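Here's the structure we're looking at; comments come further down.
The values are calculated or read from the model by the stated rules, or taken from the named source; none is laboratory data. Keep in mind that this is a model prediction, so the values were computed, not measured. Backbone-built Cβ (ideal geometry, glycine too); neighbour counts: all protein chains shown.
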Amino acid sequence: MRSNERNRGFTLIEVLVALTITGMALGGLFAVIGGSKRLAWRAEDALIRTAQVRGLINQAQLDDTQGELPPAFELDGLDLEAGIEFDDPADRTMQGTTQKLRGYVLRNASGDVVTSGSYWVELDLPE
Amino acid sequence: MKRVASSHSPRSRGFTLLEMLLAMALTALLLGMLSAGVYAVVNDWRDESVGLDDTLDRTLVVLQLERALIAAFPHSYVDPERLSRHVYFEGDESSLSFVSAVSPQRSTGLTGWRLESDAEGLNLRLTPAFADSPDVRFEELEPSALLPGYRATFRYLLQRSPDEKEWLDEWRGAEQQSLPIAVHLVLTPLDETLDEAPLDIVAPIRAWRHAEIEPVVPVN
């Protein structure tokens, strides 16, 4: 009787449990690989976005420093707006102030803030 | 007698050939499926990491060029034939030579940069800038590939008057005796089939005037 029980093989439940555990382990492995792939996509987008934003801000800074200039390029769905208002720098007697901060906010097509910050603008332009 | 019967009982007789074949076939099938899946995933991941590396290179090149252009310097040299002093900044749509206060090697002093875009990609030559025109030393150098597979296009912002500015396709420092107030650089992939947006950057040049030499504004 006992020897019969020993040799009867696996039951359906046991096989199912083993298969489920194997499946979960494999699934977890693939999910991790897929996740790092998504991370790579996001990193690529972030890198390109950094360079694009840099170009836009340079252009806005140039526009503020040198006066109106024909825009070199535009980015679809990205809009640079005025940000925080900074106070005008206090007058100094010894050496005049030459620069002031200007805030900006960058919004995407759906109006969400992509990034914000500030840049320096020349106050007295060379003749 | 009893022992013999037990050893011949159907329970402990081992596997039949058919069972073995079936089990091995199933195992081979499962292993094959698994390795095919892993192969596909690894391949995919390698493509992805190559793409990430490319993007990283491209962004770094753009930001490095932007930095070099912002720090462009109104370097002047004496033309030995005419004995006149000229500002060095020569550019057209696909190439640009200028002198900058920054260099990739962080060497002190001024560095001459020559960027050239050809059928292979974007090439760079670097040389220290001395009192003569950097053109002479550029000719002796082999260009090194800065960004293969991309075409660079340059435009130069001219200030005709404080209210009037214009993007030009070429800049002759020897004639205009100044630097543009900004450079617009566009990187587009040479492979037209790539679905990739061009990368634009505008670099303002603060030191666009030489201390002594008067700029010459070209006529329209």
Considering residues that are at pLDDT 80 or above and in a loop (DSSP other than H, G, I, E, B), the number found within region A:87-111 is 4
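Can you pull out the residues in region B:98-111 that are touching a Phe, Trp or Tyr at 6+ places or on another chain (Cβ under 7 Å) and in a strand (DSSP E or B)? Don't jump to the end; show me each part of the working.
Just the residues of region B:98-111 that are touching a Phe, Trp or Tyr at 6+ places or on another chain (Cβ under 7 Å), to begin with: B:98-101, B:110.
Once the filter is applied, which keeps residues that are touching a Phe, Trp or Tyr at 6+ places or on another chain (Cβ under 7 Å) and in a strand (DSSP E or B), region B:98-111 yields B:Phe98, B:Val99, B:Ser100.
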Could you please let me know if B:Leu22 is over 30 Å from A:Gly34 (Cα atoms), out of contact with any helix residue (DSSP H, G or I) (no Cβ under 9 Å at 6 or more places or on another chain) and either surrounded by 10 or more Cβ atoms within 10 Å (Cβ to Cβ) or at pLDDT below 90 (or both)? yes
Within region B:64-72, is there a residue that is part of a strand (DSSP E or B), out of contact with any Cys (no Cβ under 7 Å at 6 or more places or on another chain), aliphatic (A, V, I, L, M) and within 14 Å of chain A (Cβ to nearest Cβ)? yes
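Among what's in region A:30-56 and is touching a residue at least 40 places away in the same chain (Cβ under 8 Å) and more than 9 Å from chain B (Cβ to nearest Cβ), pick the residue that is farthest from the chain's Cα centre (by Cα).
In the first step, residues of region A:30-56 are kept if they are touching a residue at least 40 places away in the same chain (Cβ under 8 Å); the result is A:49, A:53, A:56.
Next, from what is left, pick out any that are more than 9 Å from chain B (Cβ to nearest Cβ): A:49, A:53.
On the way: A:Arg49: 7, A:Val53: 11 Å.
Within region A:30-56, the match that is farthest from the chain's Cα centre (by Cα) is A:Val53.
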Matching option when the condition is loosely packed, with under 13 Cβ neighbours inside 10 Å and not in a loop (DSSP other than H, G, I, E, B), among A:Val53, A:Val114, A:Val32: A:Val32
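Taking the criterion of being small (Gly, Ala, Ser) and part of a loop (DSSP other than H, G, I, E, B), would at least one residue in region A:60-69 satisfy it?
Keep residues of region A:60-69 that are small (Gly, Ala, Ser), which gives A:60, A:67.
Checking the rest, the ones that are also part of a loop (DSSP other than H, G, I, E, B) come to A:67.
Yes, some residue in region A:60-69 is small (Gly, Ala, Ser) and part of a loop (DSSP other than H, G, I, E, B).
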Selection from region B:180-220 of residues buried (at least 19 other Cβ atoms within 10 Å of the Cβ) and more than 8 Å from every other protein chain (Cβ to nearest Cβ) yields B:Pro180, B:Val183, B:Leu185, B:Leu187, B:Ile205, B:Trp208, B:His210
Among the residues in region A:79-86, are any crowded, with 17+ Cβ neighbours inside 10 Å and touching a residue at least 60 places away in the same chain (Cβ under 8 Å)? no
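What strands (runs of 3 or more DSSP E) lie completely within region B:123-187 and have 2 or more residues being within 28 Å of B:Pro218 (Cα to Cα) and hydroxyl-bearing (Ser, Thr, Tyr)? Let's see the steps before the verdict.
On the way: elements: B:144-148, B:150-161, B:164-168.
Output list reads B:150-161.
Look at region B:98-145 and say how many of its residues are among the polar types (S, T, N, Q) and touching a helix residue (DSSP H, G or I) at 6+ places or on another chain (Cβ under 7 Å). Before the answer, list the steps.
Of all residues in region B:98-145, those among the polar types (S, T, N, Q) come to B:100, B:103, B:105, B:107-108, B:111, B:117, B:123, B:127, B:133, B:144.
Keeping just the survivors that are touching a helix residue (DSSP H, G or I) at 6+ places or on another chain (Cβ under 7 Å) gives B:100, B:127.
Number of matching residues: 2.
Of all residues in region B:78-89, how many are crowded, with 20+ Cβ neighbours inside 10 Å and assigned to a strand (DSSP E or B)? Show your work before the answer.
Restricting attention to region B:78-89, the residues satisfying the condition of being crowded, with 20+ Cβ neighbours inside 10 Å are B:86-89.
Still in the list and also assigned to a strand (DSSP E or B): B:86-87, B:89.
Looking only at that region, the number is 3.
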So, in region B:39-53, how many residues would count as being within 9 Å of chain A (Cβ to nearest Cβ) and either surrounded by 12 or more Cβ atoms within 10 Å (Cβ to Cβ) or modelled with pLDDT of 90 or more (or both)? 7
Since B:Gln177 meets every condition but one in (1) in contact with a strand residue (DSSP E or B) (Cβ under 6 Å, 6 or more places away or on another chain); (2) at negative phi; (3) away from chain A (no Cβ under 14 Å), which condition does it not meet? (2)
What is the residue count in region B:195-210 for residues that are hydrophobic (A, V, I, L, M, F, W, C), within 20 Å of A:Thr65 (Cβ to Cβ), out of contact with any Phe, Trp or Tyr (no Cβ under 7 Å at 6 or more places or on another chain) and in a loop (DSSP other than H, G, I, E, B)? 2
